[in-house]
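What follows is a single structure, written as structure tokens, with notes after it.
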Amino acid sequence: MNFDDVLLNRRSIRKYLDEDISDLDIKKIIDAGVLAPSAHNRQPWKVMILKGDMKNKIAGLLKEKKDIDNSIENTSNIIMNAPVLLVIFYDKTSGSRDNDLLSLGAFIENMHLKATELGLGSLWIANTMYIKKEISEVLNVSLECISCLAIGKKDTNPLKRPRKDLDDIILK
């Protein structure tokens, strides 16, 4: 798949087939993330790969917060359904938080795009911000959880969502 096709076909996937993802594909996805630009080349990211019970435990922790936001329970179900959850952590020792958060966004986007190129679906999950301390505690990590990326074989093929016209976003 060429780059334009990857961009045009990338979707946020919320339903996955009950099939494993190979360790090789997971490694390719993370390798693509590592190629992302980062401020001053600090590469402030760490990733933990979760499957099975530990992944489902994170989904359960999130479900406990369902009263905070009406999308949380659905997000919890998506995590349960996905075969793989990549938990992305911020290595705070690396430098400027603002710059590093931008770098982490590029890291996650690269992985999102690589999953698309591999014919997999992925969902960038922001709702884990509500349980970032609990995630770090449960996973026994002294880093800040920034976000998660659910990955799996697509069980849906959503239509392209509308995007703003260039005239609406380019300032003159």
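The values are calculated or read from the model by the stated rules, or taken from the named source; none is laboratory data. Because the structure is a prediction, the values reported are computed rather than measured. We place every Cβ from the backbone using ideal geometry, glycine too, and count neighbours over all the protein chains shown. To get the accessible areas, we keep the full protein, side chains included, count just its heavy atoms, and leave off ligands, DNA and RNA. Shrake-Rupley method; radii C 1.70, N 1.55, O 1.52, S 1.80 Å.
Entry remark, segment 1-46: residues being open to solvent by less than 50 Å² (accessible area, probe 1.4 Å) and of a type in the set (A, V, I, L, M) number 9 in total. Restricting the first member to segment 54-67 and to residues that are farther than 9 Å from Met80 by Cα, and the second to residues that are open to solvent by less than 70 Å² (accessible area, probe 1.4 Å) and of a type in the set (D, E, K, R), the beta-carbon pairs closer than 7 Å and six or more apart or on different chains are Leu61/Glu134.
Taking the criterion of being part of a helix (DSSP H, G or I) and either among the hydroxyl-bearing types (Ser, Thr, Tyr) or under 17 Å from the mean Cα position of the chain (by Cα) (or both), the residues of segment 24-51 that qualify are Asp25, Ile26, Lys27, Lys28, Ile29, Ile30, Asp31, Ala32, Gly33, Val34. Which residue is modelled with the lowest pLDDT, if the candidates are limited to segment 92-110 and must be of a type outside the set (Gly, Ala, Ser) and over 27 Å from Gly152 (Cβ atoms)? This residue is Thr93. Only residues in segment 115-132 that are free of Cβ contacts under 8 Å to residues at least 12 places away in the same chain count as the first member; pair them with residues that are open to solvent by 70 Å² or more (accessible area, probe 1.4 Å) and assigned to a helix (DSSP H, G or I), Cβ under 6 angstrom, at least 6 apart or cross-chain, and list the lot. Nothing qualifies.
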